[in-house]
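Reviewing the structure listed below.
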Amino acid sequence: MTGTEARALVSRARATGRRSDTGPPRTPAPQSGSHCAVLLKPEIMTVAHAADAAARAVRVLEQGDVSVLRCAVMPAADFAGRGYLLLHYPRLHRIAADGPGALSSGARRELVSLMTVSRATGAVGAYEAMTREAGLSPTALETRCREAGIQKLGSGSYASVTELGGRPVTVLNGFLPALAAHYTGPGALVGLLECHSHREIGELRNEALGALHPAEAAPASLRGALGSQAREHGAVLSEGRNAVHLSAGHLEGMFQVWRYFAAFDGQGVESTAFGRSLARHGVPLAAVQALAADHNLTEDSGETVAPHGATEHLSRDAVLDRVRRWATAGKGWEEGWEKGWGT
């Protein structure tokens with residue numbers, strides 16, 4: 001994959017208003033190393049600068065010993081409209097919609113601790129918060145939450161103690177409605193990159209992806225390089241609009257590669273590199289697919305965990321072992337399968 005090819009994809013997507021794709025790689029990703037997805041977000045894939053951003057991202061990845069196996073570019077509004085955005089951040093959306101009831105055990109304890117030391121008398125998800133005050137826009141809610149401070153409770157779970165209707169309330173994932181609206185603006189695109197590296201995903205996120213805020217990221221990292229490009233053109237990135245996402249772990253990476261590429265070709269999750277490894281270790285397909293939506297899973301201890309978050313800092317072999325143990329114990333996935341989570 002080259003920067004020239006990435007530029008051509010952007011041109012075709014812009015001209016047709018539809019997804020443009022390099023197509024399946026000649027050989028599948030090996031069952032070793034890290035197989036993951038990179039998402040180039042609308043704030044960097046603007047009308048004027050998308051081609052430069054896509055080409056620079058490919059170049060930075062290749063320089064970081066990451067092979068780009070496949071690339072697709074599509075309108076951001078189509079990405080959101082087809083449900084990709086919701087599925088890319090399933091836990092963020094679920095907590096924003098369902099509130100405290102969707103939190104894992106650990107995140108719920110962190111919420112209780114936060115509310116104990118604050119003046120807040122209740123906690124609501126972001127969308128519930130939008131109904132508590134007339135005229136409150138997604139942008140205004142995000143601004144209010146960021147000014148109050150955003151505290152991470154757990155995987156995909158963030159809280160801000162702010163005011164709604166003149167009363168202190170803890171708002172969960174208060175930035176999410178504005179983030180989602182950002183994908184529906186006119187003209188912007190998203191870029192999707194299927195990647196493989198012999199390096200661990202944790203190392204890729206620390207070094208190839210870079211710090212959460214592009215202004216603080218190393219110049220040779222994705223966020224550092226794309227942030228520099230944005231500044232060259234007078235655009236401003238931020239912690240919340242940070243240009244690029246790289247899969248947080250092997251489990252999340254498998255599902256993102258599957259949704260954006262393999263499923264587009266009509267293939268199942270077992271066609272991905274990590275999916276093939278799970279199948280080789282005897283993990284049933286039903287058990288794998290039921291983890292896709294990142295619903296809380298109950299451990300033997302009785303604690304609930306976020307499957308994607310619980311595996312994001314683990315090595316490839318450790319994730320294989322943990323998913324295999326979840327499937328063997330039957331914890332959390334049979335009910336989900338019966339509800340249709342894996343269909």
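Here are a few things to note about the model shown:
- Dipole moment magnitude, nearest 20 debye, the chain about Cα centre, only Lys, Arg, Asp, Glu C-beta charged: 460 debye
- On the basis of the beta-carbon distance and an R0 of 25 Å, residue 118 and residue 86 show a calculated FRET efficiency of 0.25.
- Three-way shape label, region 1-106, alpha-carbon gyration tensor, a/c 1.5: oblate
- Around residue 93: net Lys/Arg minus Asp/Glu count, Cβ-Cβ under 14 Å: -1
- Of every Cα-Cα pair in region 220-315, the percent that sits beyond 15 Å: 69 percent
- Bridge type composition, region 90-179 - antiparallel percent by DSSP, nearest 5: 75 percent
- The chain: C-alpha pair distances exceeding 29 Å, %: 40 percent
- Each of 100, 143, 125 was scored by the projection of its Cα onto the charge dipole of region 90-179, and the greatest displacement toward the positive side belongs to 100; charges sit on the C-beta of Lys, Arg, Asp and Glu.
- Given +1 at the Cβ of Lys and Arg, -1 at the Cβ of Asp and Glu and no other charges, the dipole of region 95-190 around its Cα centre is 220 debye to the nearest 20.
- Here the Gaussian network model covers the chain, with springs between Cα atoms less than 10 Å apart; of 136, 40, 153, 136 fluctuates the most.
- Seen from all directions on average, region 163-256 presents a Cα convex hull projection of 8.6 nm².
- Computed FRET value (nearest 0.05) for residue 18 with residue 238, which takes r as the C-beta separation and R₀ as 22 Å: 0.15
- Taking other residues whose beta carbon is less than 14 angstrom from the beta carbon of residue 158, and scoring Lys, Arg as +1 and Asp, Glu as -1, yields +3.
- Mean separation of Cα pairs under 8 Å and 6 or more residues apart, divided by the residue count, gives the chain a relative contact order of 22 percent.
- Rg/Rh, computed from the Cα trace of region 269-338 with Rh as the Kirkwood radius, has the value 0.92.
- Lys/Arg +1, Asp/Glu -1 at C-beta; the chain dipole; positive extreme among 51, 180, 226: 51
- Antiparallel DSSP beta bridges within the chain, percent to nearest 5: 90 percent
- Taking other residues whose beta carbon is less than 12 angstrom from the beta carbon of residue 270, and scoring Lys, Arg as +1 and Asp, Glu as -1, yields +2.
Every number here is computed from the coordinates shown, using simple stated rules; none is lab data. Predicted model, so just to flag it, every value in this text is computed and none were measured. Methodologically, a virtual Cβ is constructed for each residue, glycine included, from the backbone with ideal geometry; neighbour enumeration extends over all protein chains shown.
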